[in-house]
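A.B. asks: Okay, handing you the structure first.
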Amino acid sequence: MIKNYFLLDKNKYGKELIMFCRTSDGVYIYDHDKLYNKHIKHLLSLPCWKKYGRYTKTYGIPYPMNLDCVNINESI
């Protein structure tokens, strides 16, 4: 799934999606379920997660989630 923003979504969990996020630094790839599992404790504390069941970031990838994302432009 390709987006112009970073996304973790409760409704997408368990679908084994590999996500692509376009940023000004390039295109990043990440395993949605892996990030979800690793950061669910933090996500549960966020108002957006409680209200919408999703977390988005329009510009860039949030720290420390960015540590589990790969910039595919740099790895070519």
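A.B. asks: Please name all residue pairs, on different chains or six or more residues apart, with Cβ atoms under 7 Å, provided the first residue is in the stretch 30-41 and is touching a residue at least 12 places away in the same chain (Cβ under 8 Å) and the second residue is basic (Lys, Arg).
C.D. replies: Correct list of pairs: His32/Lys12.
A.B. asks: To continue, here is another question. Can you tell me which residues in the stretch 53-76 are part of a helix (DSSP H, G or I) and either on the phi > 0 side of the Ramachandran plot or of a type in the set (Asp, Glu) (or both)?
C.D. replies: If the condition is that a residue be part of a helix (DSSP H, G or I) and either on the phi > 0 side of the Ramachandran plot or of a type in the set (Asp, Glu) (or both), then Asp68 is the only one that fits.
A.B. asks: If I go through the stretch 53-75 residue by residue, how many of them are surrounded by 15 or more Cβ atoms within 10 Å (Cβ to Cβ) and over 11 Å from the mean Cα position of the chain (by Cα)?
C.D. replies: 1
A.B. asks: Next question. Could you grab me the full set of residues in the stretch 21-54 that are in contact with a helix residue (DSSP H, G or I) (Cβ under 7 Å, 6 or more places away or on another chain) and either of a type in the set (A, V, I, L, M, F, W, C) or closer than 16 Å to Cys69 by Cβ (or both)?
C.D. replies: Matches in the stretch 21-54: Tyr30, His32, Lys34, Leu35, Lys38, His39, Leu43, Trp49.
A.B. asks: Residues in the stretch 24-68 that are modelled with pLDDT of 95 or more and among the small types (Gly, Ala, Ser): how many?
C.D. replies: Summing the residues that are modelled with pLDDT of 95 or more and among the small types (Gly, Ala, Ser) in the stretch 24-68 gives 2.
A.B. asks: Report, by residue number, each residue of the stretch 2-20 that is more than 13 Å from Asp68 (Cα to Cα) and out of contact with any helix residue (DSSP H, G or I) (no Cβ under 7 Å at 6 or more places or on another chain).
C.D. replies: The answer is Ile2, Lys3, Asn4, Tyr5, Leu7, Asp9, Lys10, Asn11, Lys15.
A.B. asks: Right, another one. Those residues that are closer than 18 Å to Ile72 by Cβ and touching a Gly at 6+ places or on another chain (Cβ under 8 Å), I need them from the stretch 1-59; list them, please.
C.D. replies: Within the stretch 1-59, Phe6, Thr23, Ser24, Asp25 meet the criteria.
A.B. asks: Taking into account only those residues within the stretch 2-52 that are outside any strand (DSSP E or B) and of a type in the set (A, V, I, L, M, F, W, C), which is surrounded by the fewest Cβ atoms within 10 Å (Cβ to Cβ)?
C.D. replies: The residue in question is Leu44.
The values are calculated or read from the model by the stated rules, or taken from the named source; none is laboratory data. No experiment lies behind these values; they were computed from the predicted model shown. Counting neighbours? That spans all protein chains shown, and the Cβs are built from the backbone with ideal geometry, glycine included.
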